[in-house]
Amino acid sequence: MHLPVRRQTVPPQNTNYEEDIIYVTKHNKWVLNSIGMWPAVVEGIDKFLPKIVIGFSNLVSLFTVVQCILHIILEEKDALLRLRLLGLACFASINLLKYWAVIVRKPNIEYCIKQVQTDWKQVEFQKNRMLMLRYGKIGRDLTIYSAMFMYSAGMCYITIMQYAMAMSLKANNRTIRVLVYPTYSGFFDAQKSPIYEIVYVLQCMCTFVFNSVTVGCCGLAALFATHACGQIDVVISQLNDLVEGKFAKKNSDPNTRLMEIVKHHIRILKFSAVIETVLQEVCFFEFVGSTFVICLLEYYCITDWQQNNKIGLATYSMLLVSLTFNMFLLCYIGNLLIEKSTSVGISCYMIDWYRLPVKTVQDLILIIAMSNSPAKISAGRIFLLSLPTFGNVLKTSFAYLNFVRNTIMY
């Protein structure tokens with residue numbers, strides 16, 4: 001589903017729209033620019049820069065993931081070490097799949113971003129602007145928290161964890177230079193210089209790409225879903241003013257005001273449908289991958305606790321918190337969007353509808369009927385993202401944890 005980007009010729013009504021757009025999109029723009037996914041209007045050779053970034057990021061990611069999988073399958077014989085590396089391989093593979101899904105949906109992402117910018121330009125009243133800023137701040141804060149957790153955990157894993165592994169080998173009188181992502185010796189000998197240094201730099205870049213993909217996907221979901229919630233609040237505000245018409249155009253009757261409300265509501269529903277299209281594959285991979293990776297991270301934390309490995313325990317705990325928070329973020333905004341979409345119908349009933357003309361009251365029934373099918377975000381159109389879904393993910397991960405522990409013990 002590739003939607004064309006519609007160019008708006010209507011002059012902006014919000015004089016502060018540039019500052020507002022920067023406020024709600026700044027952090028998403030930083031993250032998505034780093035992986036070539038933020039739409040940029042540039043001319044000349046710079047217009048090829050996002051494609052170059054995407055191509056380079058894919059090469060670095062494939063270089064790391066393929067070697068890690070080959071090492072686990074063909075070279076690693078220790079079952080416990082295989083289990084240790086399985087979580088890393090699963091996390092890397094899931095993020096690579098998410099990256100490809102985002103690349104495929106890039107036209108839809110551009111459409112949604114343009115729609116967000118257009119909505120900010122066309123804000124008519126200060127109270128509507130404040131409603132949108134309220135939800136814009138929620139999306140902005142969620143993106144910042146996701147970035148803080150993910151980048152800090154990723155940097156600790158690629159630096160401190162590698163140091164801990166090297167110290168462990170040194171204690172066993174082995175002089176192997178360690179890489180967090182294992183390499184396949186059939187291609188090259190990673191112990192030689194400068195191959196080791198080059199591979200380590202590439203793995204750091206790969207870690208940055210994977211963290212940026214995770215943060216970027218969560219940031220896009222937070223940006224688009226909270227923007228839709230802000231627009232729904234604007235519609236509710238218009239419904240509350242439907243009877244009096246204090247904030248409507250002069251000389252407008254209730255039918256005209258309701259017509260504008262319905263147009264706005266339909267635009268929100270269409271925007272929400274595009275959001276689900278953009279996020280359905282990403283959320284599916286996140287849902288499946290997080291269930292397994294969280295289970296494995298819980299197991300790593302338990303074993304490192306038993307072995308008194310403080311560095312490993314701290315690193316895996318940070319990764320566990322960051323992945324759990326990202327899953328919670330997606331489920332939270334999915335739940336928020338459902339609740340907000342449903343509240344439109346409740347607002348239709350709560351206004352003084354008995355003071356409206358009979359024809360207008362009949363038309364309100366259509367809005368109530370539409371709100372019974374709320375906007376939502378699904379994982380591959382299979383799982384509905386909501387807070388109960390987040391609880392199911394945690395319960396499933398604990399069930400897998402018990403299975404892994406019992407299997408290894410016996």
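The values are calculated or read from the model by the stated rules, or taken from the named source; none is laboratory data. Here the structure is a predicted model, which is why all the values come from computation and not from measurement. Quick reminder, even Gly has a Cβ in these numbers, built from the backbone with ideal geometry, and neighbours come from all protein chains shown. Just the protein is used for accessible areas: all its heavy atoms, side chains included, with ligands, DNA and RNA removed. Shrake-Rupley method; radii C 1.70, N 1.55, O 1.52, S 1.80 Å.
Quick one: which of Ser322, Ser347 is under 23 Å from Arg140 (Cα atoms), touching a residue at least 24 places away in the same chain (Cβ under 8 Å) and not charged (D, E, K, R)? Checking each option against the conditions leaves just Ser322. Scanning region 49-99 for residues that are farther than 20 Å from Leu297 by Cβ, buried (at least 17 other Cβ atoms within 10 Å of the Cβ) and within 21 Å of the chain's Cα centre (by Cα) yields Pro50, Ile54, Ser57, Asn58, Ser61, Tyr99. Of the residues screened, Ala314 is not one that is in contact (Cβ under 8 Å) with a residue 12 or more places away in the chain and assigned to a loop (DSSP other than H, G, I, E, B).
When region 13-25 is limited to residues that are of a type outside the set (S, T, N, Q) and in contact (Cβ under 8 Å) with a residue 12 or more places away in the chain, the one that is surrounded by the fewest Cβ atoms within 10 Å (Cβ to Cβ) turns out to be Tyr23.
So, of the residues in region 394-410 that are polar (S, T, N, Q) and within 26 Å of the chain's Cα centre (by Cα), which turns out to be surrounded by the most Cβ atoms within 10 Å (Cβ to Cβ)? Applying the filter and picking the extreme gives Ser397.
Here's a check for you: in region 315-341, which residue that is of a type outside the set (Phe, Trp, Tyr) and open to solvent by 50 Å² or more (accessible area, probe 1.4 Å) is nearest to Lys376 (Cα to Cα)? Residue satisfying both the conditions and the ranking: Glu339.
Is there a residue in region 236-259 that is surrounded by 18 or more Cβ atoms within 10 Å (Cβ to Cβ), of a type outside the set (A, V, I, L, M) and in contact with a strand residue (DSSP E or B) (Cβ under 8 Å, 6 or more places away or on another chain)? So far as region 236-259 goes, no, none of its residues is surrounded by 18 or more Cβ atoms within 10 Å (Cβ to Cβ), of a type outside the set (A, V, I, L, M) and in contact with a strand residue (DSSP E or B) (Cβ under 8 Å, 6 or more places away or on another chain). Which of the numbered conditions does Lys310 fail, given that it passes all the others? Conditions: (1) surrounded by fewer than 16 Cβ atoms within 10 Å (Cβ to Cβ); (2) under 17 Å from Ser272 (Cβ atoms); (3) among the charged types (D, E, K, R). Single failed check for Lys310: (2). Of the residues making up region 168-219, those that are assigned to a helix (DSSP H, G or I), at pLDDT below 80 and surrounded by 12 or more Cβ atoms within 10 Å (Cβ to Cβ) are Ser168, Leu169, Lys170.
Here region 359-393 is the region considered, the condition is being closer than 28 Å to Leu239 by Cα and open to solvent by 80 Å² or more (accessible area, probe 1.4 Å), and the residue that is farthest from the chain's Cα centre (by Cα) is Lys359.
To keep it simple, each residue is scored yes or no on (1) farther than 18 Å from Asn255 by Cα; (2) at pLDDT below 85; (3) among the β-branched types (Val, Ile, Thr).
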| position | (1), (2), (3) |
| --- | --- |
| Ile333 | yes, no, yes |
| Asp352 | no, yes, no |
| Val361 | no, yes, yes |
| Ile367 | no, yes, yes |
| Ala379 | yes, no, no |
| Leu387 | yes, no, no |
| Phe390 | yes, no, no |
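On the basis of being assigned to a helix (DSSP H, G or I), open to solvent by 30 Å² or more (accessible area, probe 1.4 Å) and either out of contact with any Asp or Glu (no Cβ under 6 Å at 6 or more places or on another chain) or closer than 30 Å to Ile21 by Cα (or both), does Leu142 make the cut? Judged against the criteria, Leu142 is not a match. Scanning for something in a helix (DSSP H, G or I) and open to solvent by less than 30 Å² (accessible area, probe 1.4 Å), does region 346-358 turn up at least one residue? Yes; the residues of region 346-358 include at least one that is in a helix (DSSP H, G or I) and open to solvent by less than 30 Å² (accessible area, probe 1.4 Å). Among the residues of region 112-139, the ones that are open to solvent by 30 Å² or more (accessible area, probe 1.4 Å) and not hydrophobic (A, V, I, L, M, F, W, C) come to 10 in all. Taking the numbered list (1) open to solvent by 20 Å² or more (accessible area, probe 1.4 Å); (2) farther than 30 Å from Val123 by Cβ in turn, Val293 passes all entries but (1). For region 150-161, the condition holds for at least one residue, the condition being that it is modelled with pLDDT of 90 or more, in contact with a helix residue (DSSP H, G or I) (Cβ under 6 Å, 6 or more places away or on another chain) and not polar (S, T, N, Q).
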